[in-house]
Amino acid sequence: MAQMLSAVAIVGAASAGSPIVTKQLVGVDAPASGITVVSRQEVRPDVASAAGDLTLSISDLPMLSCHYIQKGLFFPAPGAPMASLVSLLVSSLSRALAIFPALAGRLVTLPDDRVVIRCNDAGVEFRHAVAPTLSLDDFIVPDADVPTKLTKDLFPMDRTVSYDGHRRPLTSFQLTVLGDGTVFIGIVANHAVVDGTSFWHFFNTWANLCRGASPKLPDFRRNFFGESTAVLRFPGGVGPAVTFDADAPLRERIFHFSADAVRELKATANRRPSGGEDAEVYGKMAHDPKNPEGLSVISSFQSLCAQIWLSVTRARHRLAADATATFRMAVNCRHRVRPTVSPVYFGNAIQSAVTTATVAELASNDLRWAAARLNASLAAYDDGAIRRAASAWQAAPRCFPLGNPDGAVITMGSSNRFPMYEGNDFGWGRPLAVRSGRANKFDGKMSAFPARAGDGSVDIEVCLALAPDPMAALLRDSEFMQFVS
Ligand SMILES: *[C@@H]1O[C@H](CO)[C@@H](O)[C@H](O)[C@H]1NC(C)=O
């Protein structure tokens, strides 16, 4: 059955092809999810690349042990015949790859152990999948966990480790067409090659080219610690494994925080205390000329993270009172480092800001306290802190230790400021929802997404261990749930 279906679809896709694209027919069987890949094509940049080799920086190298990033968007029905849609996506992808030739290359380890992205136009894979029995409602279910058995099949290269970019494409793409006409466009990208900022820049570029708008060009200068000569060695070319148990069972849920809820959290976090030492500090802040809004110095996002930190730590009720609860937040270094690197710097320019408190401290303090704690470590994450982290890494290079070994860690990735809905119109309307694959997920891993309304509302994707089910405890936490809608 699946074989026949595939043959039919491929004729359509191949007939509208462009000469720079190599087509390939591959028979596939239908997985249990009901999402079936019906064609795969190899896509190359439409112009030969002159970019040469791009050396991985000290921010790229640690990511060699991470999974490829898997993020994508649901869109309303394109209302075009499938063959012309596939052909349009593939030809605009080919042009987008010419602007980002690094994404069509391969990793190469040089004799001196440096790892480079060789922009050799080796190509990427574009898959067309169909799911005639599924509709958007099967994926976006209110008041329920994310149906990860379905979402995992929206992406190719499931749980591929970034080091494998030595022999596998650095990006892969999948268009999935659901029974109700809704489509999902998934991108999988090597995490040693891009961080979230560059990932969404590429997504925007592809969408822009597809709908006929002009793209914003990336900056390929290796000026984020590009002068470093530190290397990570993998003897015998044996790549690293991920630093966490990728098979540990998880519950995954997306919590929506309305603009009002976010405002309320921010107001609470910034509330002026009635007296004492704190009042004096707040009084000074109120008169800070850099702070014209008066007391609103703790950001909305930090305030939201503080509530999550309090409630998730409470939900992990087996933690000892004196255990250290850690909140790790991915920080974009592009604007924090001096001199700054371009906002369109291509690659990873991220570090992880760590905030800690004991379980007992979080249990006995309020949102204001937790938010001030997060705010303080993020405020301290300046050029000096970035350079100290860079020197420490160069003194002892290692893979990025993603995971939650003591069960008390929250790792916040992605960003509610990434342009997921804005800038990603491929020509037939704004995205309907963002979803991710199984990559880099473990107990306490969270991802921030802007919510679709674009009014400051936020969606947080939360992964928690299946046992002892802290997700159930979180869902019963009325202090947390009052902000969720
Ligand atoms: C929050 O961080 C800002 C800098 O971003 C700093 O000026 C302010 O004092 C901090 N506020 C609190 C309450 O920690």
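Some notes on this structure:
- Residue check, Thr148 of a type in the set (Ser, Thr, Tyr) and over 22 Å from Gly52 (Cα atoms): yes
- With respect to being under 21 Å from Leu93 (Cβ atoms) and not acidic (Asp, Glu), His201 fits the description.
- Residue in the stretch 281-298 that is modelled with pLDDT of 55 or more, of a type outside the set (Val, Ile, Thr) and more than 12 Å from the ligand (Cβ to nearest atom) present: no
- Of the residues making up the stretch 397-410, none is touching a strand residue (DSSP E or B) at 6+ places or on another chain (Cβ under 6 Å) and within 14 Å of the ligand (Cβ to nearest atom).
- Listed by position, the helices (runs of 4 or more DSSP H) enclosed by the stretch 75-153 that each have at least 1 residues that are closer than 15 Å to Phe173 by Cβ, assigned by TED's automatic domain parsing to the domain that holds Val183 and modelled with pLDDT of 95 or more are 82-99.
So that you can scan it fast, the table gives a plain yes or no per residue for (1) in contact (Cβ under 8 Å) with a residue 60 or more places away in the chain; (2) exposed (fewer than 15 other Cβ atoms within 10 Å of the Cβ):
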residue	(1), (2)
Ser228	yes, no
Phe234	yes, no
Gly237	yes, yes
Pro240	yes, no
Thr243	yes, no
Pro249	yes, yes
Ala261	yes, no
Glu264	yes, no
Ala267	no, yes
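- Restricting the stretch 89-108 to residues that are within 18 Å of Ser65 (Cα to Cα) and touching a Gly at 6+ places or on another chain (Cβ under 7 Å), the residue that is surrounded by the fewest Cβ atoms within 10 Å (Cβ to Cβ): Arg106
- On inspection, Gly407 qualifies as in a loop (DSSP other than H, G, I, E, B), touching a residue at least 60 places away in the same chain (Cβ under 8 Å) and not polar (S, T, N, Q).
- Total residues in the stretch 130-163, condition touching a Phe, Trp or Tyr at 6+ places or on another chain (Cβ under 8 Å) and aromatic (Phe, Trp, Tyr): 2
- Count of residues meeting criterion [of a type in the set (Ser, Thr, Tyr) and assigned to a loop (DSSP other than H, G, I, E, B)] in the stretch 303-345: 2
- Unique residue being within 16 Å of the ligand (Cβ to nearest atom) and in a loop (DSSP other than H, G, I, E, B) when the list is Arg417, Arg452: Arg417
- Residues that are in contact (Cβ under 8 Å) with a residue 40 or more places away in the chain, of a type in the set (A, V, I, L, M, F, W, C) and within 27 Å of Ile69 (Cβ to Cβ), drawn from the stretch 316-354: Ala325, Phe327, Met329, Ala330, Val331, Cys333, Val337, Val341, Val344, Phe346, Ala349, Ile350
- Residue match in the stretch 400-407 (condition: closer than 24 Å to His335 by Cα, among the small types (Gly, Ala, Ser) and in the same structural domain as Ala267 (by TED's automatic domain parsing)): no
- Residues of the stretch 355-394 that are within 16 Å of the ligand (Cβ to nearest atom) and either among the β-branched types (Val, Ile, Thr) or not in a helix (DSSP H, G or I) (or both): Thr355, Thr356, Ala357, Asn365, Asp366, Ala380, Tyr381, Asp382, Ile386.
- When the criteria are applied in full, Leu265 meets the requirement of being outside any loop (DSSP other than H, G, I, E, B) and either at pLDDT below 95 or within 25 Å of the chain's Cα centre (by Cα) (or both).
- Residue satisfying condition, being at pLDDT 95 or above and in contact with a Pro (Cβ under 8 Å, 6 or more places away or on another chain), within set Arg368, Arg373, Arg435: Arg368
- Criterion violated by Ser447 - all others in (1) surrounded by fewer than 22 Cβ atoms within 10 Å (Cβ to Cβ); (2) modelled with pLDDT of 95 or more satisfied: (1)
The values are calculated or read from the model by the stated rules, or taken from the named source; none is laboratory data. Computed from a predicted model, the values in this text were never measured in an experiment. Every residue, glycine among them, receives a Cβ derived from its backbone with ideal geometry; neighbour counts consider all protein chains shown.
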